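Before any comments, here is the structure.
Derivation of every value follows stated rules applied to the coordinates shown; laboratory data play no part. None of the values given here were measured: they were computed from a predicted structure. Positions of Cβ are generated from backbone atoms using ideal geometry, with glycine treated the same way; all protein chains shown enter the neighbour counts.
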Amino acid sequence: MVSFLRWDSWLPWTCVFFTGLYLLGYWVVFARRWPPGAVDRFKAASCCMSIVHCTSTSMAAAIYMLNLFYTDKQEMSCTAYFLVDVVHYLLFVPNQPLFVLHQVFTSSYMLSCRFYTGHGAFSTIVLFVVGESTSFLQNVWTISLLTHSAKPFNLLNVPFLIIFSIFRGVLTPWATWQLCLYFLFSRQASAVVPFPLALYWMWSVFMGISGSLYWVSTHWVKLIFQLTISPSISTRRPHST
């Protein structure tokens, strides 16, 4: 059997762990906020997974950057989160293809790093540092949006959009360019990573960046429109639609 499907592999167990977090969010944390089957309840449950994932991933990446350690188990934990989140979107929020594609690209990148080439883990760490650094704030922002909590949403909205735009619009493209130089133009990389796969990796990251920039730009447009039409919008309740 393929190694990542074996029950002594870390991946299946971390999939179970993140599924448990998802169910905890759905059946306990947000049980009283929405009725069963509400789409926003599924979205909020996904945020529970994401908060744990982004916190643990950022800490692990920071530890690695300090030249300590980064294990296969931590990489598999990240992959498990993306796989469970893909299932969440496909089953309960299928009308958000940007998020589905982003998670599919990311999980396929990590799976091929770990199980096909055995190389490329450092590139995932670099992308996690610039990508997951905004996830905690994004999840709090998302929950406040879904629950129509005006005070935290209005407090976080502009700072979050600015920080997200800087990380996804400046730092992530810069990091991606450095990875492109290595994977596509380095003999050292071509010796261990086939060029078509390296090209797919970089294309996946580029598509992820494009999707993120499109997503944040739509929220900038909404904010500017609201502020232009009604300067008192900051006192209103946010809408998740």
note = With x for Gly and Pro, the residue-by-residue ³J(HN,Hα) of segment 97-103, computed from phi through the Karplus equation 6.51 cos²θ - 1.76 cosθ + 1.60 at θ = phi - 60° and given in whole Hz, is x, 4, 5, 4, 5, 4, 5
Residue-averaged [θ]222 nm for the chain, counting only DSSP H segments that reach four residues, each worth -39500 (n - 2.57) = -24000 deg cm²/dmol
request  = Go through 196-205, 131-140 and give me the packing order, highest mean Cβ count within 10 Å leading.
outcome  = 131-140, 196-205
query = Along segment 199-210, what does the Karplus equation 6.51 cos²θ - 1.76 cosθ + 1.60 (θ = phi - 60°) give for ³J(HN,Hα), rounded to whole Hz, x for Gly and Pro?
reply = 5, 5, 4, 5, 5, 4, 5, 4, 5, x, 5, 4
ask   = When we measure straight from the Cα of Lys151, which lysines land under 29 angstrom away, once same-chain ones fewer than 8 places off are left out?
value = Lys43, Lys222
message = I want to verify a result. In a Gaussian network model of the chain, Cα cutoff 10 Å, which of these has the top mean-square fluctuation: Ser190, Ser108, Ser50?
response = Ser190
note = With no solvent term and unit scatterers on the alpha-carbon positions of segment 135-224, Debye gives log₁₀ I(q)/I(0) at q = 0.13, 0.16, 0.24 Å⁻¹ of -0.56, -0.71, -1.13
ask   = Highest GNM mean-square fluctuation, the chain, Cα pairs closer than 10 Å: which of Ser77, Ser186, Ser123?
value = Ser186
inquiry  = Below 8 Å, C-alpha to C-alpha, sequence gap of six or more: please give me the relative contact order for the chain in percent.
reply    = 19
remark   = The Cα radius of gyration of segment 68-194, divided by 2.2 N^0.38 Å with N its residue count, comes to 1.21
remark   = Here segment 17-23 yields Karplus 3J(HN,Hα) values (6.51, -1.76, 1.60; θ = phi - 60°; whole Hz; Gly and Pro given as x) of 4, 5, 5, x, 4, 4, 5
